[in-house]
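Report on the structure given below.
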Amino acid sequence: PKFQDVFGHTLVELAERDERIVGVTPAMPTGCSMNFLMKKYPHRAYDVGIAEGHAVTFSAGLAKEGLIPFCNIYSSFLQRGYDQVIHDVALSRVHMVLCLDRAGLVGEDGATHHGVYDMAFLRCVPDLIVASPLNEHELRNMMLTGYKGINAPMVIRYPRGKGVLTDWRNTPRIIEIGKGRCLTEGESVAFLSIGPIGNIVQTVVSRLAEKGVSAAHYDMVFLKPLDEELLHCIGKKYDTIITVEDGCRKGGFGSAVVEFMADNDYRPRIRRVGVPDRFVEQGSVPEQYTDCGMDADSLFRLTEELLLHP
């Protein structure tokens, strides 16, 4: 299924539990699958038109009145509501969930629609929780956590298009805020990823194992707050670290890891893989990944080069 359809169905499931849950979208009900909620509960879903800043402030106002809004905006278009995210959401610490559809590279829509800047511009905002799911189960877990596990604003970013699971309808569970996890143990090199691009990293780790290279893979889950306990363990253990993100290299997830290592006097060799400092033109998502060096073959070659030249 598409990530946005999993979002839409899960939102309806949560709305069935709690009448305080409402949906807000700025003219994207079909694109983000908010139309599922509109069909089931037409008086609890709002399309505010092409007005992203208003969508954010409107959601914050609903939250102030005791509702729990799920505000769904394409990542690229949240840029139009950045002021409102800071002043109306984070500063007020309202309980709402901001779901960023189309996060990362989006394919043929091109440079205007790539959602590659959100991690860089959100991680500097105090009192926001920012997370990205590896797969559809994790998206559902995060939505439940944003609704029931915390009383603060939470951002969930996920990509355009299909996920990776056929049996996606798990029983959601509340996850611990700011906790990452080790997906694969290893000794030679550590991959740190966030979001669905971690599935590509898992493929690379398996290919490296076939070549006799022991690579670890950590899914950090949360950009903010970072799992500092896990990063301390990684900083002490590994001389070579590769960060992988479906977002801009400058100021994003990899930069956050570099800052942590520098601030805590760890000195591993770190390579950041992500969208370079240029606008990425139209093409399929696999073509764009290859163009940016984010595909499995490029990651495999990078790892081999690093290990051959320690």
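Each reported figure results from applying straightforward, stated rules to the coordinates on display, with no laboratory input. Source: prediction; values computed, not measured. Heads up, the Cβs are rebuilt from the backbone with ideal geometry, glycines too, and the neighbour counts pull from every protein chain shown.
Data for the structure
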read-out: Interchain or long-range residues, amide H under 5 Å from V275's placed H; value: G247, C248, R249
read-out: Amide proton proximity set for V24, modelled H, under 5 Å, gap of 5+; value: Y46, F70, C71, N72
read-out: Loop sites in the range 234-310: GluC sites (Glu not before Pro), DSSP, at most 16 other Cβ within 10 Å; value: E281
read-out: Cα-based shape type of the range 66-149, given that a ≥ b ≥ c are square roots of the gyration tensor eigenvalues and the cut on a/c is 1.5; value: oblate
read-out: Reach of K224 by Cα under 27 Å, taken over lysines that are not fewer than 8 positions away in the same chain; value: K2, K64, K148, K162, K179, K236, K237, K250
read-out: Size of electric dipole in the range 243-304: Cβ of Lys, Arg +1 and of Asp, Glu -1, about Cα centre, debye, nearest 20; value: 260
read-out: Theoretical FRET efficiency, 1/(1+(r/R0)^6), r = Cβ-Cβ of S206 and D277, R0 25 Å, to 0.05; value: 0.25
read-out: For the range 181-308: rounded, prolate or oblate by the Cα gyration tensor [a/c cutoff 1.5]; value: oblate
read-out: Fluctuation leader among T166, T240, T25 - the chain, Gaussian network, Cα springs under 10 angstrom; value: T166
read-out: Cut-off 20 Å, label 7 Å out along Cα→Cβ of D297, residues of the range 195-224 by amide N; value: 197-211
read-out: Between the range 233-310 and the range 45-77, the Cα center-to-center distance that results, in Å; value: 33
read-out: About the Cα centre, charge dipole magnitude for the chain (Lys/Arg +1, Asp/Glu -1 at Cβ), debye; value: 420
read-out: Contour minus Cα-Cα distance for V164 and A262 (0.36 nm per residue); value: 31.8 nm
read-out: Helical segments meeting 20 Å axial Cα length and Kyte-Doolittle -0.5 threshold in the chain (DSSP H); value: 3-17
read-out: Cα centre as origin, Lys/Arg/Asp/Glu Cβ charges: the range 181-308 dipole, Debye; value: 180
read-out: Cα-based shape type of the range 1-103, given that a ≥ b ≥ c are square roots of the gyration tensor eigenvalues and the cut on a/c is 1.5; value: oblate
read-out: Amide hydrogen neighbours beyond the local backbone of G283, cut-off 5 Å, H modeled; value: E108, G110
